[in-house]
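Have a look at the structure below before the remarks.
The values are calculated or read from the model by the stated rules, or taken from the named source; none is laboratory data. From a predicted model like this one, the values you see are computed outputs, not experimental measurements. FYI the Cβ positions are ideal-geometry reconstructions off the backbone, even for glycines, and counts take in every protein chain you see.
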Amino acid sequence: MKILVIALSGIGDALMFTPALSALKKVCPDSEIDSLVMYKGVSDIYQNLDEISEVIYWDFLNRSKIESLSFVMGLRGKYDISINVYPSNRKEYNFINFLIGARKRAAVKYLRKDFVNLGFLNNVRIEENDSLHNVEENVKLIEMVSGGRFDNIDGLILNLTDDDKKYAQNFLREHKIREDETIIGFHPGCSTLKNHANRRWSPEKFARLAKEFIYKRKARVLIFGGPEERELKEEIIKHSGNENIIAVETDSLIHTAAVMKRCNLFVTNDSSLMHVASALQLKVVALIGPTNPNYIRPWKTEHRIASLNLECSPCFYYSPKPLSCGRNDVKFKCIKELPVELVYKLSEELLRSGK
């Protein structure tokens, strides 16, 4: 049996499918499972998974519609089952799943705007449940596809090769990071699509938090993020004015993950690197504003959620609509007014735990 996992929606979503992928392989051990991805970071992660036979990478964002249509039609008829990872509720993803032409086309039936986004083109579906984590939704989808049942769900899977670990060792040596030092990781970025830049805590607050760790813990702070977040990292360093903060630049997501593995604690917005940190079993403080934490909280790793728990939160549920705020006083107050003191307090709780 040939199965195609369609993981087009992003790095974090692809990572949160990995427990379901593991479950699928257990119940269908002789199946050949391929994956279709459009982000290089997802390709890097999936290439290292034992469950995946082939990673098919296609840059839909930068190829013409005609080229992409021709590419998708080249996959038609090759698979018995195709699966849209959760969440993948855009009409483009459902149309691609339909065109590939598998006999079973699996996806979640969304509570919001499912019909207008062509959800009916899929023929194996479970109904979305806002109380469940993405991982749990994906596993329930696999149960529907396979007929199996999985009461014990694995953690996120991210495998580092010996070369990846060597890359991290060289990075740490180059920056003279000792084994006995406390290392705090930050990710101040997140996706900017659909107005989601408003999920970000401010660079000024990250800078203040960094100074707290440096002065009270004598820690060193590593700031992570992709090439598009370089200016954001530099802004935090500028505001902090401290040489114990390092902007981490690597050549791939998997090498970023290898360096992250050294962190004693990871403080992050709701982002793909939050899920990378979870997969690495780091202690995570997640800065959550408008997002439903049921969906995306760090999975099966020690963590704290830093949130104001406003009466209007959460206000973002999965929908193709851009993120918006209905407050009349401070727009996106949930993240803008999240205090440094609370984040530091939760960080200290985690750093002291397990000792």
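Out of all the residues in region 326-347, which are crowded, with 16+ Cβ neighbours inside 10 Å and touching a helix residue (DSSP H, G or I) at 6+ places or on another chain (Cβ under 7 Å)? Steps first, please.
So the first thing to find is which residues in region 326-347 are crowded, with 16+ Cβ neighbours inside 10 Å, and the list is 332-336, 338, 340, 343-344, 346-347.
Matches in region 326-347: 332, 335, 340, 343, 344.
Residue 142: modelled with pLDDT of 95 or more and under 22 Å from residue 240 (Cα atoms), yes or no? Before the answer, list the steps.
Values: modelled with pLDDT of 95 or more: yes; under 22 Å from residue 240 (Cα atoms): no.
When the stated conditions are applied, residue 142 does not pass them.
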Just give me the residues in region 238-260 being charged (D, E, K, R) and surrounded by 19 or more Cβ atoms within 10 Å (Cβ to Cβ), in sequence order. none
Part of a helix (DSSP H, G or I), over 16 Å from the mean Cα position of the chain (by Cα) and of a type in the set (Phe, Trp, Tyr): does that describe residue 295? no
Could you tell me whether region 170-191 includes any residue that is in contact (Cβ under 8 Å) with a residue 24 or more places away in the chain, part of a loop (DSSP other than H, G, I, E, B) and of a type in the set (Ser, Thr, Tyr)? yes
Between a first residue in region 38-66 that is in contact (Cβ under 8 Å) with a residue 60 or more places away in the chain and more than 22 Å from residue 28 (Cα to Cα) and a second residue that is surrounded by fewer than 16 Cβ atoms within 10 Å (Cβ to Cβ) and among the hydrophobic types (A, V, I, L, M, F, W, C), which pairs have beta carbons less than 7 Å apart while being 6 or more apart in sequence or on different chains? none
Search region 320-345 for residues that are in contact (Cβ under 8 Å) with a residue 24 or more places away in the chain and pair each with any residue that is among the β-branched types (Val, Ile, Thr) and buried (at least 17 other Cβ atoms within 10 Å of the Cβ) when their beta-carbon atoms are under 7 Å apart and the residues are at least 6 apart or on different chains. 343/267; 343/285
Which one is farthest from residue 92 (Cα to Cα) among residues in region 5-51 that are within 14 Å of the chain's Cα centre (by Cα) and assigned to a loop (DSSP other than H, G, I, E, B)? 17
Given the structure, is residue 275 in contact (Cβ under 8 Å) with a residue 40 or more places away in the chain and buried (at least 24 other Cβ atoms within 10 Å of the Cβ)? yes
Just the residues that are under 29 Å from residue 136 (Cβ atoms) and either at pLDDT below 95 or out of contact with any Leu (no Cβ under 6 Å at 6 or more places or on another chain) (or both), please, taken from region 62-89. 75, 80, 81, 83, 84, 85, 86, 87, 88, 89
Pair list, Cβ under 7 Å, 6 or more apart: region 233-250 residue outside the structural domain of residue 171 (by TED's automatic domain parsing), other residue surrounded by 19 or more Cβ atoms within 10 Å (Cβ to Cβ) and charged (D, E, K, R): none
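Looking at region 320-355, which of the residues that are β-branched (Val, Ile, Thr) and within 16 Å of residue 185 (Cα to Cα) is nearest to the chain's Cα centre (by Cα)?
343
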It is to be established whether one or more residues within region 314-323 are touching a Leu at 6+ places or on another chain (Cβ under 9 Å) and exposed (fewer than 14 other Cβ atoms within 10 Å of the Cβ). yes
Here are 34, 44: which of them is touching a helix residue (DSSP H, G or I) at 6+ places or on another chain (Cβ under 6 Å), surrounded by 19 or more Cβ atoms within 10 Å (Cβ to Cβ) and of a type in the set (Asp, Glu)? 44
